[in-house]
């Protein structure tokens, strides 16, 4: 199709645009990201107290969503996403080439492609055998797209993926903060609603794309647990970069250790290696990192906080033959209070 000429905004935050939003500073934006799931809980409680948002003009909202979708269709960002998925479906993706540069134009040191390439070169045939067409899409964590510009663009990408991957009628969505009006519109747009809070613990028996933009770590850990074993080969995740997630966890742990070192004497301090902390808190994320193929998506959409830090993850474990000991532990994840802030559970909704 011929794309209309779109007035492009300067790179920035989707929350900066005029749609009932205030301009946020980078400091405020970082704080908002850290508290995303706490705010989701607050939004949910607000919705439950005030009743469902029946004041939403569904016709107007649908037009905004479709406009976001068509705006995305004509971007370099979506063109790259389409190329990645086309090569993934054919099984001929050049993993080294798809190491996406950072927005400054230099290679992104956190994408991990060089390390992954050295690990996976010998297994390129396995990747070609494992990656096929998708049978379904599952989307978690879109948020309140009736009031959030970022969520509308993320929903627009979901609708485009439904077209590109040819899975109409097989797209399942869930977020505990959806209002009744939003649910009605999602169904009109061709999505099927997941009726219960699965907490990400959804086993699959067919090739399924999980689209999880900016979800908390427990959702990813739970999803891996629910499909632990050879079943992971049926799973592809488009969501937060797992390699960056692990890197940030290590960096934060080292910072906390340094702080504890200042506050406590060595005799009272238990120094723990950060990677072991990740293993303890998110065993399944930690354990699958060495058997994951990851392609970072470019962060070149004109709102830089909509699709930042997203990667496509493939788990071709059936042909890689990880050690049997990898699959021996299959205990359901349990999280401490810090991690519970990143997920709305079925019992605290």
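The numbers here are math on the coordinates, done by the rules we state, and not lab data. Everything numeric here is computed off the predicted structure, so don't read it as measured data. Here the Cβ is made from the backbone with ideal geometry for all residues, glycine too, and neighbour counts use every protein chain on show.
Here the label points at residue 82 and residue 55, each 7 Å from Cα along the C-beta direction, are separated by 3.9 nm in the simple model. Modelled this way, with points 7 Å down the Cα-to-C-beta line, the labels at residue 194 and residue 308 are 2.6 nm from one another. Take the Cα of residue 166, step 7 Å toward its Cβ, do the same at residue 330, and the gap between the two points is 3.4 nm.
A straight chain from residue 74 to residue 135 at 0.36 nm per residue would run longer than the Cα-Cα distance by 19.4 nm.
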